[in-house]
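> Just dropping this structure here.
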Amino acid sequence: MRKKIVAGNWKMNKNLAETKTLLSELKTKLKASSEAEIIVAPTFTNLYSATEVLKPSGITVAAQNMHEAENGAYTGEISADMLKSIGVETVILGHSERRAYFGETDQLLAKKVNTALQHEMTIIFCFGEELQDRKSDNHFSVVEQQLKNGLFHINKADWKNVVLAYEPVWAIGTGETASPEQAQEMHAFIRKTIANAFDQEIADEVSILYGGSVKPNNAQEIFAKMDVDGGLIGGASLDAENFTAIVNAI
Ligand code: 13P
C-alpha cells in the first residue's frame, strides 16, 4: 500500500526563533496517530535545529534543494553529504521556483536525482505545467517530458526512494487550485506513464502528492481522489493550525 504524505515546503520563510516556535506547535498539535507521514522543509540554516527539535516526534525534516556535486568550489551550495551529516535524509528537487528563478533544467535535475539516490536519500520530485501549457492543451505532454527527462533514467529499485509532487505552476501561491477532478486526471496520467515506462507495481506503489494552493477548506476533497496520496503545502504550512487541519484532512 502506498504511503499518504503531507509535506510543508516553507520556502524562504521563518528565521530560527520562528522555526522553533512553529515546530513546537506542530509537535503538540500533530498526533503520531495521523494517517499520513508528515514532512517539513524549513530553510537550510534551520535544518539542524529542526532535526533536533523534532527528534522524538516522528515528523521528518527535508531540505528544499541541494547541489549535484559531492563537494568542491561551489560557493553558496549545499551537498548531499552535508544534509545527511545533520540527519536530513529527504530532499525536494525540481520545485518550479528553482526551475523558474534559478535556471534549473531537467538535465540538471537528472544529475541531482542521481546524487540523491547515490546517498540513499528520499527525493520529493516536483514538476507541473504552466498556465499557457494548460490553455494550449499541452499539460500532459509537458508533464510527461519533465518526468522522462529528469527522472525516468533511474533503476526500478530506486523508485522506493521517490515521491512525486505534481504542482501546476498556475496554482502555486495564487489561491487558484486545480479542481479535484483536474488533479485526479493528471495523477492518473502520471501513474499510467510510469506503468508504461517501468511497470504497474512501481506505478501503484509511488506516492503522488498534489501541490498548489492547498488550504484547510479544499484539502479534503483533493485528498479524497483515488490517485492523490497527499499534498505538498506552501503558504498554509507556515501556520500550525492550518497545516494541522490539512494533515487531518487526509
Ligand atoms: P502554495 O501552497 O503556497 O500554493 O505553494 C505550493 C508549493 O509550491 C509547495 O511546494
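The values are calculated or read from the model by the stated rules, or taken from the named source; none is laboratory data. None of the values given here were measured: they were computed from a predicted structure. Please note: Cβ atoms are built from the backbone with ideal geometry, for glycine as well, and neighbour counts cover all protein chains shown. Accessible surface is based on the protein model in full, side chains and every heavy atom, while ligands, DNA and RNA are left aside. Shrake-Rupley method; radii C 1.70, N 1.55, O 1.52, S 1.80 Å.
> Picking from THR45, THR75, which residue would you name as being touching a helix residue (DSSP H, G or I) at 6+ places or on another chain (Cβ under 8 Å), open to solvent by 20 Å² or more (accessible area, probe 1.4 Å) and of a type outside the set (Lys, Arg)?
On the way: THR75 fails: touching a helix residue (DSSP H, G or I) at 6+ places or on another chain (Cβ under 8 Å).
Matching residue, one of THR45, THR75: THR45.
> Filter region 61-72 down to residues that are in contact with a helix residue (DSSP H, G or I) (Cβ under 8 Å, 6 or more places away or on another chain) and crowded, with 16+ Cβ neighbours inside 10 Å and give me whichever is farthest from ILE233 (Cα to Cα).
GLU68
> Spot the failing condition for ILE86; the list is (1) touching a residue at least 60 places away in the same chain (Cβ under 8 Å); (2) open to solvent by 20 Å² or more (accessible area, probe 1.4 Å); (3) aliphatic (A, V, I, L, M), and only one is missed.
Tallying (1) touching a residue at least 60 places away in the same chain (Cβ under 8 Å); (2) open to solvent by 20 Å² or more (accessible area, probe 1.4 Å); (3) aliphatic (A, V, I, L, M), ILE86 fails exactly one: (1).
> Moving on to the next point. With (1) in contact (Cβ under 8 Å) with a residue 24 or more places away in the chain; (2) touching a helix residue (DSSP H, G or I) at 6+ places or on another chain (Cβ under 6 Å) as the list, and GLU97 as the residue in question, which single condition is left unmet?
(2)
> Here are SER96, SER136, SER57, SER24: which of them is open to solvent by 10 Å² or more (accessible area, probe 1.4 Å) and closer than 19 Å to LEU209 by Cβ?
Of SER96, SER136, SER57, SER24, the one residue that is open to solvent by 10 Å² or more (accessible area, probe 1.4 Å) and closer than 19 Å to LEU209 by Cβ is SER96.
> For THR51, indicate whether it is among the β-branched types (Val, Ile, Thr), without any contact (Cβ under 8 Å) to a residue 12 or more places away in the chain and out of contact with any Asp or Glu (no Cβ under 8 Å at 6 or more places or on another chain). Full working, then the answer.
Values: among the β-branched types (Val, Ile, Thr): yes; without any contact (Cβ under 8 Å) to a residue 12 or more places away in the chain: no; out of contact with any Asp or Glu (no Cβ under 8 Å at 6 or more places or on another chain): yes.
Considered against the rule, which asks whether it is among the β-branched types (Val, Ile, Thr), without any contact (Cβ under 8 Å) to a residue 12 or more places away in the chain and out of contact with any Asp or Glu (no Cβ under 8 Å at 6 or more places or on another chain), THR51 comes out as no.
> Can I ask one more? I need every pair where a residue in region 58-72 that is within 12 Å of THR122 (Cβ to Cβ) has its Cβ under 7 Å from the Cβ of a residue that is among the aromatic types (Phe, Trp, Tyr) and surrounded by 14 or more Cβ atoms within 10 Å (Cβ to Cβ), sequence separation at least 6 or different chains.
ALA63/PHE44
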